[in-house]
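Here the structure is laid out as structure tokens; the discussion comes afterwards.
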Amino acid sequence: MSRAGASVWGVGTSEFGKQESLDARRLAWQATVEALDDAGLKASEVEAVFAGTVFGDPGVVTRSLQQIGLVEIPVVTIENACASGTSAFHEARAAVETSRYERVLAFGIETMTARFDGAISPIASDPEGAQGFAMPSIYGMSATRYRHEFGVTPEQMAAVAVKNRRHALGNPRAQHRKSVTVEQVLASRMVADPITLFQCCSIADAAAAAVVGPRGGSRAPDQEVAVRSSVLRSGRLWDHRAEKVWGWDIVADTAAEAYEAAGVGVGDIDVFEVHDAFTIGEIITTEALGMCELGAGGRLAESGHTALGGPQPVNPSGGLLSRGHPLGATGLAQIAEIVWQLRGAAGERQVPNARLGAVETMGGATAGIDGNACVVTVLEQGG
């Protein structure tokens, strides 16, 4: 089977936040129409859809897209926890690269505020869930272990929230667009010691989309963003004997494979969008991505290296901590942000001269597995 390179032709998102007045159809319309217009395509030209959603009703993707005219084509829905949207993107890219389809829509959607008041309820059939361990608890334990092993400080963790809220001031689609101080972050309500409220992402309602096609095949080739690599992995078996905290190894393994496939090193990446559901999550992820050594993620955040104006900005969109986390849409919102960055179209949050960008999304947790799924994608300016 022949293989051709894939590019992102267009992207789009809705706004993010608690939008109970907007149903899935209206959110889908906002994101998909923007992506199609950006790609210069009509809905009738799309050959297949790969979509990510986690808590959507059965058939939510088909019902949401039929009003746009996306009918009579294959529609494949993927549930891969927080990595559902980037898993859909990964499959869309693979379909194009193997010449299965030429014009593919990757789509993600989630409407959460009607279902949850706060943290997502744990799965009772898992041992952690049976004990009431929701995701804040899992990350709280990781932070406690990091504090014990590496001396990560409360101020270093808070610095992640301060940075990402500051970045979000330039993102009109983010849910939280108000700067905070380290003191305010640490003084916010305790959720799962040592993680406070401002160190947790919010649930949200949103949709996001990307049109993927062969390199050079769009109507505006100069606006294409090349997919240098996309790697999807599930986690290895993980228990109390694991040497690193939950989620570290799956990110490191996926990133290493993605860098190798793209022919780049971590130092070549100009801008990152990573899965910062909690502040300790960004600290762990930057280490696992190779941006610093094990245990140095807190110091990296505090140093300014990952802030706008620093050598390698992380989450210029504001990340999950500011944008919110509608699970199925999150990964494709990350893709959209990197596409805008590489096009030089990110406005006030633009990273100057960004040529290479990376997206990391990690989803879990299933008891006994080091994460349900992780996707790392490397994108390059120009088709």
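The values are calculated or read from the model by the stated rules, or taken from the named source; none is laboratory data. Every value quoted in this text rests on a predicted model; they were computed, and no experiment measured them. Glycine also receives a Cβ, built like all others from the backbone with ideal geometry; neighbour counts cover every protein chain displayed. Quick note on the areas: whole protein, heavy atoms, side chains included, nothing else; ligands and nucleic acids left out. Shrake-Rupley method; radii C 1.70, N 1.55, O 1.52, S 1.80 Å.
The GluC sites (Glu not before Pro) found in the range 276-322 that occupy coil by DSSP, while having at most 13 further C-beta atoms within 10 Å, are GLU293.
Distance from the Cα centroid of the range 1-80 to that of the range 315-335 is 16 Å (rounded to whole angstrom).
For the range 164-208, the set of trypsin sites (Lys or Arg not before Pro) satisfying both a DSSP loop assignment and a count of at most 13 other C-beta atoms within 10 Å is given as LYS178, ARG189. Mean-square fluctuations from a GNM of the chain, with a 10 angstrom spring cutoff on Cα atoms, peak among MET141, MET190, MET362 at MET190.
For the residues GLY297, GLY85, GLY344, a GNM of the chain with alpha-carbon springs under 10 Å puts the largest fluctuation on GLY344.
Just in the range 21-109: which GluC sites (Glu not before Pro) are loop by DSSP and have at most 11 other Cβ atoms within 10 Å?
Filter output for the range 21-109: GLU72.
Annotation: per residue accessible area for the range 237-305 equals 37 Å², rounded to a whole number [probe 1.4 Å, protein chains only]. With all protein chains in place and a 1.4 Å probe, the accessible surface of the chain carries 49 percent carbon and sulfur. Look at (i) 32, 60, 8; (ii) 30, 56, 13, 0; (iii) 26, 56, 18, 0: the one that is P(r) over Cα pairs in 20 Å bins from 0, in percent derived from this structure is (i).
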